[in-house]
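The values are calculated or read from the model by the stated rules, or taken from the named source; none is laboratory data. Note that this is a predicted model, so its numbers are computed, not measured. Ideal geometry is used to build each Cβ from the backbone, glycine not excepted, and the neighbour counts take in all protein chains shown. Heavy atoms of the whole protein, side chains included, go into the accessibility calculation; ligands, DNA and RNA do not. Shrake-Rupley method; radii C 1.70, N 1.55, O 1.52, S 1.80 Å.
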Amino acid sequence: MLELKNVSKIYNPGTVTELCLFDNFNFTVKGGEFVSVVGSNGSGKTSMLNIICGSIPVSDGRVLIDGKNVNTLPEFKRYRMIGRVYQNPSAGTCPNMTILENMSLADNKGKRFGLSFGVNNARKEFYRSQLSSLGLGLEDKLDVKLGALSGGQRQAVSLLMATMTPIDFLILDEHTAALDPKTAEIIMELTDKVIKEKNLTAIMVTHNLRYAVEYGTRLVMMDKGNIILDKQGEEKQNVKVDDILDIFNKISIECGN
């Protein structure tokens, strides 16, 4: 279980550009949930992910993972429990290294590094089987540099790398936003498949309202650092894209747009 308890986040405190994004913010994600998070720019979606991952500190409050306060746990240690796929297909990977080398790095996440070779040839068949499950023909390209792949192929490998070691949470940070529509559809189908097969707890931030409605077990909408909509179970299944769009339009009118 993931909990944000009474979290406050103030950017640039004590300056003319001071901004209080979160004020006594609370959010709980239960084990096994697949939460889709939507909201306009500046609503706090990405900041919430960064707080969970430890990329930015909280001004007040607690971040709890399975009941343990991780406020003082550095980002790299949190990633032993968290896998993250970014909006940029190049992020989270090494484009000048081969697929084999990238997967070897991901396979060793959280383990101690010595002076032995980073690439374990004995794991090649395992990597091939993992790549084969994507259905993109990448299992025969282990020696190809990751930077030579298309954006969709890189994002598929990133998804695989993020979930290769046992993790508690998968964070999807607008991971289809930089892809063309057809490729985005493929990546979303792969995402849903991986989450279900590995029984992961996932949080997906997206601007694609259809993906938010069609995928996941829970739908959350944020605005100005607050949760203004939270649908799950049967309620979530009955939500339509037009329902979400209507709320967006109302917020836009209230903001004078």
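Would you call Val7 more than 29 Å from Val241 (Cβ to Cβ) and buried (at least 21 other Cβ atoms within 10 Å of the Cβ)? Explain how you work it out, then say what you get.
Details: more than 29 Å from Val241 (Cβ to Cβ): yes; buried (at least 21 other Cβ atoms within 10 Å of the Cβ): yes.
Yes.
Which of the helices (runs of 4 or more DSSP H) found entirely inside the range 17-111 contain at least 2 residues meeting this: at pLDDT below 90?
Details: elements: 45-53, 75-78, 99-107.
The qualifying helices (runs of 4 or more DSSP H) are 75-78, 99-107.
How many residues are over 18 Å from Gly32 (Cβ atoms) and free of Cβ contacts under 8 Å to residues at least 40 places away in the same chain if we restrict to the range 214-235? Even if it seems obvious, please write down each step before you answer.
Restricting attention to the range 214-235, the residues satisfying the condition of being over 18 Å from Gly32 (Cβ atoms) are 214, 221-229.
Pick out the ones that are also free of Cβ contacts under 8 Å to residues at least 40 places away in the same chain and you get 214, 228-229.
Qualifying residue count for the region: 3.
Condition first: within 30 Å of Glu189 (Cβ to Cβ) and either over 18 Å from the mean Cα position of the chain (by Cα) or of a type in the set (Lys, Arg) (or both). Now tell me which residues in the range 7-63 satisfy that.
Within the range 7-63, Lys30, Lys45 meet the criteria.
What number goes with the only condition from (1) modelled with pLDDT under 85; (2) open to solvent by 60 Å² or more (accessible area, probe 1.4 Å); (3) over 22 Å from Ala202 (Cβ atoms); (4) assigned to a loop (DSSP other than H, G, I, E, B) that Arg123 does not pass?
Exception for Arg123: condition (4).
Determine whether the range 150-158 contains at least one residue that is open to solvent by 50 Å² or more (accessible area, probe 1.4 Å) and more than 24 Å from the chain's Cα centre (by Cα).
No, the range 150-158 has no match at all.
On the given criteria, is Asn50 free of Cβ contacts under 8 Å to residues at least 24 places away in the same chain and either within 19 Å of Val220 (Cβ to Cβ) or buried (at least 16 other Cβ atoms within 10 Å of the Cβ) (or both)?
Numbers: free of Cβ contacts under 8 Å to residues at least 24 places away in the same chain: yes; either within 19 Å of Val220 (Cβ to Cβ) or buried (at least 16 other Cβ atoms within 10 Å of the Cβ) (or both): yes.
Considered against the rule, which asks whether it is free of Cβ contacts under 8 Å to residues at least 24 places away in the same chain and either within 19 Å of Val220 (Cβ to Cβ) or buried (at least 16 other Cβ atoms within 10 Å of the Cβ) (or both), Asn50 comes out as yes.
Please find, among Ser59, Ser43, Ser90, Ser8, the residue that is over 16 Å from Val205 (Cα atoms), in contact (Cβ under 8 Å) with a residue 40 or more places away in the chain and in contact with an Asp or Glu (Cβ under 7 Å, 6 or more places away or on another chain). Break it down stepwise before answering.
Working: Ser59 fails: in contact with an Asp or Glu (Cβ under 7 Å, 6 or more places away or on another chain); Ser43 fails: over 16 Å from Val205 (Cα atoms); Ser90 fails: in contact with an Asp or Glu (Cβ under 7 Å, 6 or more places away or on another chain).
Of the residues listed, the single one that is over 16 Å from Val205 (Cα atoms), in contact (Cβ under 8 Å) with a residue 40 or more places away in the chain and in contact with an Asp or Glu (Cβ under 7 Å, 6 or more places away or on another chain) is Ser8.
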